Amino acid sequence: MSNKDNAARGGIRKGMLVLGALLATGLAGSVVTSALGHGGHATRHRTSAPVRAPDLPPELAAVRDALAKYQDPRVAIRDGYLSTLGCVEYPVGGMGVHFINPALVGPTVDPMRPQILVYEPDPRGSLRLVAAEWFVPLATGVAERPTLFGRPFDGPMAGHEPLMPASLHHYDLHVWLWKENPAGMFNATNPGVGCAGHPYAEMEQPPPLVAHAHTAAPGR
């Protein structure tokens, strides 16, 4: 096995250990619900609307080009991105299905290597890449609010229940590279994205903001 393969495997193992330690405090208690709100009441999910890709400044166009291969979610899985199964939607707009790469989770961010890829489901059951998300848990030891593309991250906030434990405090930044967002390029949700028909559609509420209190990072 080559040194490159060993390094890649080591990065994945390290990322899995970090993410596992972050999730261990609450993931076992999280419950996946199908098309139900937290109160157990059925909610109506919107259907994704066809919207063109946005016009991007050169910096973001370069990122979109670099990530274009992930329009096929099978390529994302091959490169270490794992589906979180649920399709996340808020009353004001949707996010979609998140694929997270544990090996990329850490206190710093790389504009060409987002921790999360976001897909919207279509009526045929396929997944369409719509956004990238940079995700930084406080437990990584991040010193201050990250900034990327001249934009400060949202948060810090509690985890997005029920697919993520509330104890997973984090910063994040969504960038809608493949689907125009009437609410703004960096808005967390997109009113043109919906989860109708997805078997694990989640109608969530925005998580509360939290203080930037450091949690000890997992030992190395």
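Tabulated data
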read-out	value
Whole-Hz couplings from phi, Karplus 6.51/-1.76/1.60, listed for the stretch 122-133; x for Gly and Pro	10, x, 8, x, 7, 10, 10, 5, 10, 8, 10, 9
Mean-position separation - Cα centroids, the stretch 155-216 and the stretch 54-73, in angstrom	21
Potential lengthening between Asp65 and Asp79 on full extension [0.36 nm per residue; Cα-Cα distance subtracted]	3.4 nm
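Read-outs throughout are calculated quantities, based only on the coordinates presented, and are distinct from any laboratory measurement. Computed from a predicted structure; not experimentally measured.
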